[in-house]
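Student: Handing you a structure now.
Read-outs: derived from the displayed coordinates by stated rules, not from any lab. Note that the coordinates shown come from a computational prediction; the quantities given were computed from them, not determined experimentally. Because the Cβ atoms are built from the backbone with ideal geometry, glycine has one as well, and the counts that use them run over all protein chains shown.
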Amino acid sequence: MDAAGPLGHALVDRLLRRGYTVHAATYASCGGDEREEEEEEAAAALLSHLSSCGGDVDAYRHRLKVFRADPFDYHAIADAVRGCAGVFCMFNTPDDQAQCDESTVETEVRAAHNVLEACAQTDAMERVVFTSSVTAVVWSGAGAGTGTHGHEEAVADEKSWSDLAFCRKFKLWHALAKTLSEKTAWALAMDRGVDMVAINAGLLTGAQGLRLTAAHPYLKGAPDMYDGGVLVTVDVDFLADAHVAAYESPTAYGRYLCFNNAVCRPEDAVKLAQMFSPAAPHARSPPPPSDELKVIPQRIQNKKLNKLMLEFASGVYGELD
């Protein structure tokens, strides 16, 4: 959960291909009869995506059950995870800044609490893979990319956490929501004895039908992230594979920074900008040179994830699709 977004679709596809029975939970906005209609629509959307990916939809139907859950409804979440051996917990980010505010923070923290509590009460639960964000890592009290101690040469890694007061001060709601919800999940996992792994993902790209705009909450403060050498993106297929590896690898532990593209050169920044409006004239012609952008040293590393993916690929877990 939430299985309605691009990452959810990609994960459901991979899990079904690997033989799992999948409970695909999506967040409900209605109740009663309308909620049942939403379940049918969500199931149809998932099956349509699986069909477009070349999956055997008829073979999948008996192994796919769609649930509609409310992040504030513990019992609905508990129903969705009952009997499951693993949970992939993610919250789809709104597409624009106007939809991401303090209420988003409250929603994600409450949802994280309810999901982890439900997992703790599920006897069959083996591991929770919690999808967090790089924005929960890179914002220190001195800005982006300055490390946990404020030194310019510091490199952000799995030990780094975004500063809550800094995020509140500059209204970095996406970063605040991801940091607080992940901290909430870790606190409950440790208290309840839940085996949890966190994936701190870069800005999601590469998904079919993904609506990416410059107003995406992840990108608030993007110039500072660029200057700090911590502006990174991740392809949806790579991110889904990382989730599968984190779930199936017995050696997986703690947090993993997940990205496969670091935006550190002016041409990288231009390519990223062109994703926001691919139909615009500048996307069809070479952009003019920018005097404001310079090559920035990369100050974020994902060696831990690369090691996990290499071990997974060379292990006995089966090939990733």
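Student: Suppose R0 equals 41 Å; then what is the FRET efficiency for Glu102 and His75 from their Cβ-Cβ distance, rounded to the nearest 0.05?
Tutor: Here the calculated transfer efficiency is 0.95.
Student: Still on this structure: If packing is taken as the average number of other Cβ atoms within 10 Å across a peptide's residues, how do 175-181, 196-202, 125-131 rank, most packed first? If you can, show how the numbers build up before the last one.
Tutor: Values: 175-181: 26.9, 196-202: 24.9, 125-131: 22.0.
Result, highest mean Cβ count within 10 Å first: 175-181, 196-202, 125-131.
Student: Could you count how many Lys pairs in segment 91-313 have their Cα atoms under 17 Å apart, skipping same-chain pairs fewer than 8 positions apart?
Tutor: Total qualifying Lys-Lys pairs in segment 91-313 comes to 10.
Student: Around Cys258, which amide H atoms from residues at least 5 apart in sequence, or from another chain, sit under 5 Å from its own amide H, with H modelled in the peptide plane?
Tutor: Residues meeting the criterion, in which the H sits 1.01 Å from N, are Asn200, Ala201, Gly202.
Student: Roughly what would the spin-label model give for Arg110 and Ser48, points 7 Å off Cα along C-beta, in nm?
Tutor: 3.0 nm
Student: Something else about it: Run the simple label-point estimate for Asp195 and Tyr253 please: 7 Å along Cα→C-beta, distance reported in nm.
Tutor: 1.2 nm
Student: Round to the nearest 0.05 the FRET efficiency obtained for Lys294 and Leu164 when R0 = 25 Å and r is the Cβ-Cβ distance.
Tutor: FRET efficiency, Lys294 to Leu164: 0.25.
Student: Now a separate question. Using Cα centres only, tell me the gap between segment 49-110 and segment 212-256 in whole Å.
Tutor: Comparing the Cα centres of segment 49-110 and segment 212-256, I get a distance of 19 Å.
Student: Here is a further query. Taking square-rooted eigenvalues a ≥ b ≥ c of the alpha carbon gyration tensor, is segment 91-313 rounded, prolate or oblate, where a/c under 1.5 means rounded and, failing that, a/b exceeding b/c means prolate?
Tutor: Details: a/c = 1.63, a/b = 1.54, b/c = 1.06.
Cα axes put segment 91-313 in the prolate bin.
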